[in-house]
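Note sheet for the following structure.
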Amino acid sequence: MSVLQKPHSRATVLKTPSANARLTRLDSAAPIRSRASEEGDFQIPLWSVPLILVVLYVCLFSGLGALGLVGPDEPRYAAIARAMAETGDWITPRLWGTPWFEKPVLYYWAAGICMRLFGVSEFAARLPSALAALLAVVAVAWTALRSFGVRAAWFSLLMLPTSVAMIGFSRAASPDMLFAGLLTASMAIALEILQKPRPGPGLRIAFGFFLGGAVLAKGPAAIVLAGGATLVWAALSRQWLAPFRFLHPLIIAVFCATALPWYVLCALRNPDFLRVFIWQHNFERYLTPVFEHRQPFWYYGPILLLAAVPWILFLIGAFPDAIRKWKDPGYRDSPGLLFTCWTVFPLVFFSLSQSKLPGYILPAVPPLFLLMGNWISYSLLDREKTVLRLVGWTGAFFLLFGAPSLVGIGASTGQMDWPEAVLIGGVTFTIGVIVIILAFKKQPMAALIAMACLVASVVLAANVVLLPEMDSRISARSLAQKLESGDPTLSHVAIYRLSRNWEFGLDFYSNRQLPEWTEGSGEPEWILSGTLPDQQFLDRYKMHMEDAIPGNRDLVFVFHRY
């Protein structure tokens, strides 16, 4: 018996009594009524509470400023949020004075408020995503508790925040995690509405508010995903009238009061808003590859597997069981069917899109881990050997990933220095050994806890040694600081054929849009270029190369006038 299954432990904070987990129709007016599954003597010891809190903090909140803003999107979104905070115009998003209608306003509001509270920094720009990730985790844990019991809720709390998807996007200064977190909260409230004969006004207000917030985060896709998943569930479960519960006047009123005011005000102030945002950045983005994000139909299959790391083998292991459940006539009455629809529908919907980016399917990740947590929960009761086998193989993969870095191979490739490679490789290798030993000793719960601790340890190590080392290679922060030491205003700096990643990053850190240099446009003191001109060019304009900064995909050549 594992440490989390001691029936007589005094340090117990929560225990769920036995109940029926199936969605029985006890009242014809209640399409779903879900309660916790048979829990037996499963109990959560008191020490598990600080463990979960530490894991949540490390994986979602630590090191938000360890790496400068990267790519073209993070600095661009952060710059718009800073402009709102500085100008006080909270209606029209502007990028260097020009209206920018690619995304709705919620992220800009949240990041702008954080910048006013904590100052302009990477921490303030990424804090909204971290808080939204916490919202998603809490919503999943609450839903697992209500639907499947304490054991499933425990595994959801342990697994979801330690997944690659949540760790990565909680550190992204973008609307993606806000969108996913609010949709996950909408799913949790939707379940509550469907399981009550007469949902109260509190649930209806909460659902309208969260869904309206999701529309403010990323647009009408929130209605499509929530509505599409619910309609598919209604068809599969033959609950044809259930979706009408979400058309209650109070839900519609709260939704409209939350989502519509900004859209109306922005459209009144900017006549092109509806055409640019609704048509170009929603319909055209979905129907055509106009934004050059074309990918094959199966693109999100590998993306979803990557999102589930390090729990990927449990996802693969649960798949055959999910197929068997579809053949069970009683499955349509289980809460898992609703969560499956909320997982599968975004995958199918965005797989049909002509524009694909990894963040699009982020709303599918929380319900997926809710299902995985439930699978591990009941598998430990009747198929413990399967879980132990998956745990052991996961530990073996940790060894395979940790061993090369342990001997300095990661350093030899130039991705990190030798001490950093040995540290991260040593942590991964050691935890891998522990996981394998615990699997052989038939202690799956302890092994799963060790896996979560491994992820938290790697995140801490990356925050301290890896991300600062990578900062100068993938972020413009270090280069901007170097240039500011000689010219704090960066008024004598221009760019020349620079990649978008570096261009938008330098614009953010210089707090101005750096001019593009062309022949005859002037003689700036510094030119930052993505190409290396010949010596004749350098002699003609009296420039010499000061530095060549190695990026992951390209170089930045720094030229200074003599």
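Residues of the stretch 351-391 that are surrounded by fewer than 23 Cβ atoms within 10 Å (Cβ to Cβ) and under 19 Å from residue 298 (Cα atoms): 351, 352, 353, 354, 355, 356, 357, 358, 359.
Going by what's in this entry, would residue 64 be described as part of a loop (DSSP other than H, G, I, E, B) and either in the same structural domain as residue 145 (by TED's automatic domain parsing) or at pLDDT 95 or above (or both)?
Against the criterion (part of a loop (DSSP other than H, G, I, E, B) and either in the same structural domain as residue 145 (by TED's automatic domain parsing) or at pLDDT 95 or above (or both)), residue 64 qualifies.
Here the condition is being modelled with pLDDT of 95 or more, polar (S, T, N, Q) and more than 18 Å from residue 147 (Cβ to Cβ); of 184, 258, it holds for 258 alone.
Close contacts from the stretch 95-122, counting a first residue that is outside the structural domain of residue 61 (by TED's automatic domain parsing) and of a type in the set (S, T, N, Q) and a second that is part of a strand (DSSP E or B) and surrounded by 19 or more Cβ atoms within 10 Å (Cβ to Cβ), with Cβ to Cβ under 6 Å and a gap of 6+ residues or different chains, come to none at all. When 303, 316 are checked against the criterion of being surrounded by 19 or more Cβ atoms within 10 Å (Cβ to Cβ) and out of contact with any Ser or Thr (no Cβ under 8 Å at 6 or more places or on another chain), a single residue qualifies: 303. Assess whether residue 82 counts as being in the same structural domain as residue 310 (by TED's automatic domain parsing), surrounded by fewer than 24 Cβ atoms within 10 Å (Cβ to Cβ), at pLDDT below 95 and not hydrophobic (A, V, I, L, M, F, W, C). For residue 82, the condition - in the same structural domain as residue 310 (by TED's automatic domain parsing), surrounded by fewer than 24 Cβ atoms within 10 Å (Cβ to Cβ), at pLDDT below 95 and not hydrophobic (A, V, I, L, M, F, W, C) - is not met. Residues in the stretch 110-148 that are under 17 Å from residue 509 (Cα atoms) and among the polar types (S, T, N, Q): 121 only.
The values are calculated or read from the model by the stated rules, or taken from the named source; none is laboratory data. In this text the structure is predicted, and so the values were computed from the model without any measurement. When we count neighbours, we look across all protein chains shown, and the Cβ atoms used for this are built from the backbone with ideal geometry, even at glycine.
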